[in-house]
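Everything on this sheet refers to the single structure shown next.
The values are calculated or read from the model by the stated rules, or taken from the named source; none is laboratory data. As the structure is a computational prediction, the values presented were derived from the model and not from experiment. Heads up, the Cβs are rebuilt from the backbone with ideal geometry, glycines too, and the neighbour counts pull from every protein chain shown.
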Amino acid sequence: MKKYLAEMFGTMVLVLMGCGTAVSLGCNPVGDQATVVGTAAAFGLAVVAMAYTIGGISGCHINPAITLGVFLSGRMNGKDAGMYMLFQCIGALIGSVLLFALTTTTELSGTGANDLQNGISVVGGLLAEIIFTCVFVLVVLGTTAKTNGATNNLAGFAIGLALVLVHLVCIRYTGTSVNPARSLGPAIFQGGTALANVWIFIVGPFIGGALASGIWKAISLDNEAR
C-alpha cells in the first residue's frame, strides 16, 4: 500500500505544481513564450523532485502511460499496474481540488486542464500526444533499465529534462498531457471543451506508452525487469 500512496502523493504534487504554474503564469503558447518555458520547467522540476522523493518507494511513475509502458515491458505485474493507475488518478484529483480551492479565492481561474489549442484538429492533437508520450516513456524505460548501470542514479534528472523538452514542443498543440491522470483531474473541475476533449489525453498517451514499450523491447540489450 505504501507504494500506491507514494504514487498518489507524487501525482498530486505534479498536478499542483505543474498545472498550478500554468495557471499562475497564465500560460499562453502564442502570445507569451516565456510562460511556456516557465510551465515546461515547472513540470520537469516537479518530476525531478518526486523522483528523488518517492523513487525508492514506488519508482515514481506518477503517470498511467509510464505505468503501462513498464507493465508491457515486463517490469511489473498487472495488479500493481492497475493499482498504480488508480492511485495516480486519485492523486491528480486531490491536486486539482487543491488548485481549484486556491484559484477560487483569487482572481485566477482554471485548473491548467489540457485542451486542443487554436488551429489544432482532433487528429493533430491525438498524434501529438501519441508521439510525445512515446518519446517520453521511451526515455523513462531507457534511463531506468538495468543495462544503464551507474547512470540510473541520474535517471530522475534525465526524465525531468525530457518532460521539459516535450512540453516546449507540445504545449502549442495540446497544452501537453502525455499523462492521462494529469489531464483527467483538472478537466473534471474546468469542464467545457477541456472535459469534452479529455479522451484525447487519455487515449493518446496510452497508445504512446504502448508504442514506447514495443520500441524498447526492439532495441534493448536486456529486457529483464528492473
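Looking at the stretch 188-200, can you tell me whether even one residue there is under 26 Å from residue 54 (Cα atoms) and either buried (at least 20 other Cβ atoms within 10 Å of the Cβ) or charged (D, E, K, R) (or both)? No: zero hits.
Just one of the numbered conditions (1) surrounded by fewer than 20 Cβ atoms within 10 Å (Cβ to Cβ); (2) not in a helix (DSSP H, G or I) is not true of residue 178: (1).
Within the set 62, 94, 66, the sole residue that is at positive phi, within 19 Å of the chain's Cα centre (by Cα) and at pLDDT 95 or above turns out to be 62.
The single condition among (1) over 12 Å from residue 115 (Cα atoms); (2) at pLDDT 95 or above that residue 183 does not satisfy is (1).
Every test in (1) surrounded by fewer than 24 Cβ atoms within 10 Å (Cβ to Cβ); (2) closer than 30 Å to residue 76 by Cα; (3) polar (S, T, N, Q) is passed by residue 105 save one, and that test is (2). Taking helices (runs of 4 or more DSSP H) that fall entirely within the stretch 1-69, which contain at least 1 residues that are closer than 15 Å to residue 170 by Cα? Correct list: 20-25, 33-58. Within the stretch 73-86, is there a residue that is over 18 Å from residue 57 (Cβ atoms), in a helix (DSSP H, G or I), among the hydroxyl-bearing types (Ser, Thr, Tyr) and touching a helix residue (DSSP H, G or I) at 6+ places or on another chain (Cβ under 8 Å)? Checked against the condition, which is being over 18 Å from residue 57 (Cβ atoms), in a helix (DSSP H, G or I), among the hydroxyl-bearing types (Ser, Thr, Tyr) and touching a helix residue (DSSP H, G or I) at 6+ places or on another chain (Cβ under 8 Å), the stretch 73-86 yields no hits at all.
Out of 187, 196, one residue alone is more than 16 Å from residue 71 (Cβ to Cβ), of a type in the set (Gly, Ala, Ser) and touching a residue at least 60 places away in the same chain (Cβ under 8 Å). It is 187.
I'd like the residue in the stretch 22-53 that is β-branched (Val, Ile, Thr) and in contact (Cβ under 8 Å) with a residue 60 or more places away in the chain and, out of all such residues, is farthest from residue 94 (Cα to Cα).
Only one residue tops the list, namely 30.
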